[in-house]
Each structure stands twice: as C-alpha cells, then as structure tokens.
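Contents: one structure, followed by commentary.
The values are calculated or read from the model by the stated rules, or taken from the named source; none is laboratory data. Keep in mind that this is a model prediction, so the values were computed, not measured. Positions of Cβ are backbone-derived with ideal geometry, glycine not excepted, and every protein chain shown enters the neighbour counts. Remember, those area values only see protein heavy atoms, side chains included, never the ligands or the DNA or RNA. Shrake-Rupley method; radii C 1.70, N 1.55, O 1.52, S 1.80 Å.
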Amino acid sequence: MAKMYYEKDCDINYLDGKKIAIIGFGSQGHAHAMNLKDSGCDVCVGLRQGSKNWANAEKAGLKVMTVPEAAKWGDIIMILVNDEVQAEVYKKDIAPNLSAGNMLMFAHGFNIHFKQIVPPADVDVSMIAPKGPGHTVRSTYVNGKGVPCLIAVEQNATGDAYKLALAYAAGIGGARGGVMETTFQDETETDLFGEQAVLCGGVVELMKLGFETLVEAGYEPENAYFECIHEMKLIIDLINKGGVAAMNYSISDTAEYGEYVSGPRVLPYEETKKNMKAVLKDIQDGVFAGKWIAENKNGRTFFNAKRAQLAKHQMETVGAELRKNMLWGEDTDLDTASN
C-alpha cells in the first residue's frame, strides 16, 4: 500500500516566512496561487511581460512579477506553465535567479524525468501533483474539500523537502483529500498513460464513435449527444463516489447486463490490452516525449490540425447548442465544472 498523508501529517506552518512564486496563471497556476493565498501564504505570480493573465492575477488580489523577478523573489518556485515551454522558461528566466536552498516544484514530472530540466544540486526538487484539473483544485478548495495529490522528492538538498512539500499540499487543499507518496518517474509515466489510454484519448474516442454510430444509423444528433456524452459525467460521478459497484447499483439491471455483454465487444480484452501496452511502452521508452517535444519545435502542425478538426465535429457543435438551453447554459466558468 502506498504511503498516504493527511492534514494531521502536513503542517502548513512550515510555509511561514516562505515566499512562494507560482510561475504561470493557467488552469493549475490560478488554482494553486489562489488556494495558497486563501490559506494565508505569501504568494506571487510570475508571468511574462504583457501576458493576458497579468490583469486577471492582479484582479484576484495577487502580487504579479515577471518570471525572472518572481524566481529571484521566491524561496519556493512552483513551475506551472505548460510542459512544452517549461524547459525554455527554466533555462532563460528561472535558473539564473535560483539560490542555494530554494525549492523548485512541479505538478507533473515530465521535464525532470525526461531531463529537459536539470536543476543544480544545491536546491530541493519536489512535486505536488493534484489528481484533477486546476479548475477542480480551486472549486473543491472553495467548497471546503480538496483534490487528492501525489508527492515526490527528486532532490532533498536542504533536508526539509518533504515537510515543505507536504505543507504546500496542505496550502492548496490537497491534504484534505489525501497525499500519496510516489516518484517523479512513476507519476510521469502513469499520468501520461492514464491521459492517453483512458481519461482523454480513450474516453473522447469512445464518446465520439458512439455519437457517430447513432447519428449514422439515423438517430437525432441531440439524442446521440445525451446518450453518449452528456451522461458520461453522471456515470463518472457515481464511480467517483463509490466505485463501479455503486454505479451499477444506481443504474438499471438492464444497463448493468449490457455492460457485461457489450463492453467486451466494443473493447475486446486481448486486443485492447495489447494496444494499451504499446502506448505504455512508448511512454516508458521516451518515444512519446520525443514526438511531443519535436511537435512543438516544428510548429505544432499535427496538433493544431487535430484541434481544428475536433472543433468542427458534429459532436462538439451539437453539444454547444444543447448546453446553451440547459439551466447552466450561461455558466462557462470551469471552476464550477465539478459542482
């Protein structure tokens, strides 16, 4: 059983007198910065000059500096810009401003594990990785709960890395949900696999194919959207609350029987497992990382084309129209997406 930490194990007072620089103000960045601020921590946000998020961070009551200024100011520097730009931002703006004894933090191990960032030996290197999107990290904190987190320490130069990282987890609300010990390697490889094979790649393809199958058979697109996409959240919420057994308890016996006889037809066990193992091998061997790094160096041609193609898919256009007519149709705030 992996080691778990909870609020009683995480003393947020270790952050007293520590200056925390959050680099980036996107999905995770805004959640970490605002949660830490609400927890009474001394926080600033580091952004590039002219960033569109500069005004948003100031409006939220946060101190804002350029990335080099924030890196020099902070005792703890949490890097929350996108994976693909972290190495460049680190080399250009953060590394020259690090001091011995600083803590360099990450919410995902990609750049450390694949050695895109190689910190000096005299700084702590740790990770607090919330197991949920940033908007959920924020909304659950505001509601008095917390998203579970992973903790890992790659370098413990000061000897205080674990207690500081656990205190940080408490500051963003993660200790309310539980903090599980792992390594940078394990977090990176399992996170990439989960995203690609199940949570994003797998689920999106499954919903898309289900939608297309019903529409091509002559059913209304709106019906197809409700049955294959809208209800996904309702099913996942039940599983999140009590596992698959709780979901099966809540649905009809007809639906549960269909789960057993048709699920394996859609996802044949041996073939699907073989494909998943191939995806995992590409992650473990660095093949996926190499492709993603190259994609960003080459102008993101494939990535941008696929994003544009998805935006035009009938599943997306029908969904957008349906959501406008729902009770929450005017609510586009992603911080409330898990409510």
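For the reader, a short list of remarks on this structure follows.
- Shape of the range 149-204, Cα gyration tensor, a/c cut at 1.5: oblate
- Dividing the helix sum by the residues of the chain, where each DSSP H run of 4 or more adds -39500 (n - 2.57), gives a mean residue ellipticity at 222 nm of -15500 deg cm²/dmol.
- DSSP beta bridges in the chain [antiparallel fraction, %, rounded to 5]: 25
- Among [x] 0.94; [y] 1.07; [z] 1.03, the entry that matches Cα Rg over 2.2 N^0.38 Å as calculated here: [y]
- The chymotrypsin sites (Phe, Trp or Tyr not before Pro) of the range 261-332 that meet both conditions, a loop assignment by DSSP and at most 12 other Cβ atoms within 10 Å of the site Cβ, are 328.
- 1.4 Å probe accessible area per residue over the range 175-257, in Å²: 60
- Accessible solvent surface per residue of the range 1-120, calculated while the other protein chains remain in place, 1.4 angstrom probe, Å²: 47
- Residues within the reach of a label modelled at residue 186 (point 7 angstrom out along Cα to beta-carbon, backbone nitrogen below 17 Å), restricted to the range 90-114, are 108-110, 113.
- Value of relative contact order over the chain, rounded to a whole percent, pairs C-alpha under 8 Å and six or more apart: 16
- Relative to the longest principal axis of the Cα atoms of the chain, helix 253-266 runs at roughly 80 degrees.
- Atom-type composition of the exposed protein surface of the chain places 55 percent of the accessible area on carbon and sulfur (1.4 angstrom probe).
- Positive-end extreme of charge dipole, the range 1-90 - chosen from 5, 61, 43 (charges on Cβ): 61
- Helix axis angle, 269-284 relative to the chain longest principal axis, alpha carbon, degrees: 20
- Per DSSP, loop trypsin sites (Lys or Arg not before Pro) in the range 105-187 with at most 13 further Cβ within 10 Å: 115, 145
- Ordering of 28-34, 53-59 by burial proxy (mean other Cβ atoms within 10 Å per residue, highest first): 28-34, 53-59
- Angle between the chain longest axis and helix 287-297 axis [Cα atoms, degrees, rounded to 10]: 70
- Residues whose placed amide H lies under 5 Å from that of residue 116, excluding near-sequence neighbours: none
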